[in-house]
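Please read the structure below before turning to the comments.
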Amino acid sequence: MTAAHGATADPGKTSGSAAAPPATPQVANPNPPEAGHLTDEMIRLNREAAAATGVVAAVHPQDFIYWFCCRHPHQTLEAAISYYFSDGARSAEKLDGIVTELGFERGQPIKLLEFASGYGCVTRHLKKHTRWDVTSCDIHSEAIDFLDRQIGVKTLQSAHLPEQFATIEKYEVAFVLSFFSHMPRSSFGRWLRALHESLRAPGYLIFTTHGVKSCPAFGITPDDIPADGFLFRANSEQDDLDTVEYGSTISTPNFVINEIYRHVGAPIASYTQAGWWGHQDLWVVKKDK
């Protein structure tokens, strides 16, 4: 699906901390996410984990990242829910560090577009910091309503096509976590352009991709990536989206650089291989005019 969606959770990877140790496999909930059923035990654990990180405890029953964590075969339910909240906190902290390195002063409010926000795994942690004047954007109308009513942030409905996506405001930072790790070739560069156009100048587009360090998760080696540096599979962990338009993507640095040049023509401020979760590449593209 060529739109904003929630970022991929990866309970086996963390940013700057060790992953939780493997535990006895446990199915968190026999009901599928569509059933919208959180058990009393899940709600209790949500409250405990939220209190530990100082954020809103509410979780939307359709939050696929939450369910992805809870159904992880090597996590107990308690460890999975703790991971959901703590990893969201780590992502928010990491973003904070990135923008500081880019030269934003810590006391300076920053207009932030959180694109592909999902149901607030990271949003709830951004919300608690006064640094962020955050607008969260997603394709799911249920997510938009939840983010508005329960998390308390400004929201923006995404679009199915990048050419249909437009923002009323311009932002200093657009944060796009694990969205391009799902985009097909046909929309990859078009979304780069649409998101870059949402920025004021100077501004920064911060996004992640599956790079060569993600190959083991795909069951391949770097040699298996096609010569042009792009591999797409029509499958993903989010089963309510058209996998032809929202699948699983590996893109090498050469491919991403070419797409940035073709569709945006803007300078790359920084690139870090495996800079997020230990396997997703981290990109920062500047808008300077």
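Below is a table of values for the structure above.
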item	result
Residue selected from region 258-276 under the condition part of a strand (DSSP E or B) and among the aliphatic types (A, V, I, L, M), by the criterion least open to solvent (accessible area, probe 1.4 Å)	Ala274
Residues of region 141-155 that turn out to be of a type outside the set (D, E, K, R) and in a strand (DSSP E or B), as a count	1
In region 37-82, the residues that are touching a Pro at 6+ places or on another chain (Cβ under 7 Å), open to solvent by less than 10 Å² (accessible area, probe 1.4 Å) and assigned to a helix (DSSP H, G or I)	Trp67, Cys69, Ala80
Of all residues in region 226-257 being within 16 Å of the chain's Cα centre (by Cα) and outside any loop (DSSP other than H, G, I, E, B), the one that is modelled with the lowest pLDDT	Ser248
Failed item, numbered, when Pro22 is tested on (1) surrounded by 20 or more Cβ atoms within 10 Å (Cβ to Cβ); (2) modelled with pLDDT under 50; (3) not hydroxyl-bearing (Ser, Thr, Tyr)	(1)
Failed item in (1) under 27 Å from Ser270 (Cα atoms); (2) open to solvent by 50 Å² or more (accessible area, probe 1.4 Å), with Asp148 passing the rest	(1)
Residues of region 104-121 satisfying the condition of being open to solvent by 10 Å² or more (accessible area, probe 1.4 Å) and in contact with a Gly (Cβ under 6 Å, 6 or more places away or on another chain)	Cys121
Count of residues meeting criterion [assigned to a helix (DSSP H, G or I) and more than 19 Å from Ser181 (Cα to Cα)] in region 93-140	12
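The values are calculated or read from the model by the stated rules, or taken from the named source; none is laboratory data. Note that the coordinates shown come from a computational prediction; the quantities given were computed from them, not determined experimentally. Here Cβ is always computed from backbone atoms with ideal geometry, including for glycine, and neighbour counts include all displayed protein chains. Side chains included, ligands, DNA and RNA excluded: accessible areas come from the protein's heavy atoms. Shrake-Rupley method; radii C 1.70, N 1.55, O 1.52, S 1.80 Å.
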